[in-house]
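Taking it in order: structure first as structure tokens, then the write-up.
The values are calculated or read from the model by the stated rules, or taken from the named source; none is laboratory data. Being a predicted model, the structure only gives us computed values, none of them experimental. No Cβ is skipped: glycine too gets one built from the backbone with ideal geometry, and neighbour counts run over all protein chains shown.
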Amino acid sequence: MTCCINPSILSADFANLEAELARIANADAAHVDVMDNHFVPNLTIGLPVVERLQEISPVPLDAHLMIADVDRWAPHYADAGLASVTFHAEASNAPIKLARELRARGAKAGMALRPATPVEPFLDMLTELDMLLIMTVEPGFGGQSFLDVTLPKIRRARAAIEGSGAAVAIQVDGGITEETITRAAEAGANVFVAGSAVYGKDSPEAAIESLRARAQL
Ligand code: DX5
Ligand code: ZN
């Protein structure tokens, strides 16, 4: 079932993003963290920069929008041609409408949950989603430690997805290392974001292969 290793460019050199994307050519997608200093206490890049990255990236882009007012902004990321666009459930007033809009514009629709947000209120909308992102740290910064308290939620989400028959990927993001990736995979995750565990290594490509091997059950 294991599918994807998506390195987060949050841990890359922001002065050399084109070269940094070229260093992860064996990745399934590049994870792009968009932060607005409102939904999370950090600020990264926005639509104009992501549009240019989409034009030059050798791998598909997977946007993770940690922004307020996401109902307004997320469709623009789909229009830019990104492979997948993930919004936070806590930031959307109309998650079903937004997921439909993303799909209608040609992107995979992802919905993210902060560590303390339960999955149960959203189980009836699984068929509207291509991906559920279960945050395994509080969103905002790279380099934090994996929160094991999120593992039961991953297990419950996987069971619900299997039960529903919907084809929904479970992405985990935050604190993914060669050690924690196995626990996340065993719990049912199949798309793995890793920032420091990829860009913090001398060879990002070798780090990706090593994470991929560790995620195989
Ligand atoms: C955190 C971001 C993550 C971050 C992960 O809010 O959503 O994508 O880059 O970084 P690591 O893998 O270093 O925990
Ligand atoms: Zn992220």
### Task
Tell me which of these residue 53 doesn't satisfy, since it passes every other one: (1) within 15 Å of ligand 2 (Cβ to nearest atom); (2) touching a His at 6+ places or on another chain (Cβ under 9 Å).
(2)
### Out of 128, 138, 51, 101, sole residue that is modelled with pLDDT of 95 or more, under 22 Å from residue 4 (Cα atoms) and surrounded by 15 or more Cβ atoms within 10 Å (Cβ to Cβ)
128
### Query
When you go through 60, 75 one by one, which is the residue that is more than 13 Å from ligand 1 (Cβ to nearest atom) and touching a Ser or Thr at 6+ places or on another chain (Cβ under 9 Å)?
60
### Task
Give the residue that is nearest to residue 129 (Cα to Cα), with candidates limited to residues of region 89-109 that are touching a helix residue (DSSP H, G or I) at 6+ places or on another chain (Cβ under 8 Å) and within 16 Å of ligand 1 (Cβ to nearest atom).
89
### Task
Kindly provide the set of residues from region 149-172 that are surrounded by 17 or more Cβ atoms within 10 Å (Cβ to Cβ) and among the hydroxyl-bearing types (Ser, Thr, Tyr), ordered by number.
150
### Summary
Just one listed residue, out of 133, 217, is of a type outside the set (Asp, Glu) and modelled with pLDDT under 95, and it is 217
### Query
Does any residue in region 52-70 that is small (Gly, Ala, Ser) come within less than 9 Å, Cβ to Cβ, of a residue that is crowded, with 24+ Cβ neighbours inside 10 Å and assigned to a helix (DSSP H, G or I) six or more places away or on a different chain, and which pairs are these?
63/74; 63/77
### Query
Looking at (1) more than 16 Å from ligand 2 (Cβ to nearest atom); (2) of a type in the set (Phe, Trp, Tyr); (3) under 12 Å from the mean Cα position of the chain (by Cα), can you tell me which one residue 87 breaks?
(1)
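So, residue 147, is that one within 16 Å of ligand 1 (Cβ to nearest atom) and at pLDDT 95 or above or not?
It is true that residue 147 is within 16 Å of ligand 1 (Cβ to nearest atom) and at pLDDT 95 or above.
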### Query
Among the residues of region 27-39, how many are surrounded by fewer than 20 Cβ atoms within 10 Å (Cβ to Cβ) and either farther than 14 Å from residue 193 by Cα or within 13 Å of ligand 1 (Cβ to nearest atom) (or both)?
3
